[in-house]
Amino acid sequence: MKNSLKHERGVTISENYRFENVYNEHVDTVYRVCFSIMGNIQDAEDAVQSVFLKYVESKQKFIDINHEKAWLIVTAKNTCFDFHRKWWRKKIVDFDLNSIGWKGTESFQYSDLEEGLKKLPAKTRLIIYLHYYEGYKQVEIAEMLKININTVKTRLRNAKKRLKIEIGDDYLE
């Protein structure tokens, strides 16, 4: 017999427990994706909330945890791009600087690399985040974002070139 205990909103206890587990497992990744695109805490938190609301409303069946994580990342990306289209605002980005081979000093790292990153298009920043911070391979990013692998490679290569121009060769490996 299935667990039929329900909250006053009609959600079973097992569904609530499942959502808590999914949320706790993936909230950091979803937040980082949203922050890398939105550029500030408040907008990223709004986007995260929307992503998990979409998750609850979708009733999507997932093959495994990787499928679920990929769905959340793609949904986060699309939600943030929707927010951008609606708000028409310029954003900044924050990254783990060492993950892309930064060799500068700590105080110099943040301001100069951040300035270079925020000049990149949001789609490129997302690819940089997924590749360098989340550790996804280029082919996985292409599948996740439903773009050609060569597009991923080109965006990564062009981003590195542009960052080298913006901040100098001495600070990137």
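So what are the ³J(HN,Hα) numbers for the stretch 57-74, from phi and the Karplus equation (6.51, -1.76, 1.60; θ = phi - 60°), rounded to whole Hz, Gly and Pro as x?
6, 6, 6, 5, 9, 10, 5, 7, 5, 5, 5, 4, 5, 4, 4, 5, 5, 5
Quick one: what are the phi-derived ³J(HN,Hα) couplings along the stretch 21-32, Karplus 6.51/-1.76/1.60 with θ = phi - 60°, whole Hz, x for glycine and proline?
5, 4, 4, 4, 6, 10, 4, 5, 5, 4, 4, 5
For Thr29, what is the net charge nearby, where nearby means another residue's Cβ is under 9 Å from its Cβ and Lys, Arg count +1, Asp, Glu -1? Present the calculation step by step, with values, prior to reporting the outcome.
Details: positive: Arg32, Lys69; negative: Glu25, Asp28, Glu134.
Surrounding charge for Thr29 is -1.
Would you work out the charge dipole size for the stretch 111-168 about its Cα centre, treating the Cβ of every Lys and Arg as +1 and the Cβ of every Asp and Glu as -1, and quote it to the nearest 20 debye? If you can, show how the numbers build up before the last one.
Numbers: 13 positive and 7 negative charges, 63 e Å.
For the stretch 111-168, the charge dipole is close to 300 debye.
How high is the relative contact order of the stretch 13-87, given as a whole-number percent (alpha carbon pairs under 8 Å, six or more residues apart)?
Working: 44 pairs, mean separation 28.9, N = 75.
Relative contact order, the stretch 13-87: 39 percent.
Just so you know, all these numbers are worked out from the coordinates, no wet-lab data involved. The shown structure was predicted, so the numbers you read here are calculated from the model rather than taken from an experiment. Here the Cβ is made from the backbone with ideal geometry for all residues, glycine too, and neighbour counts use every protein chain on show.
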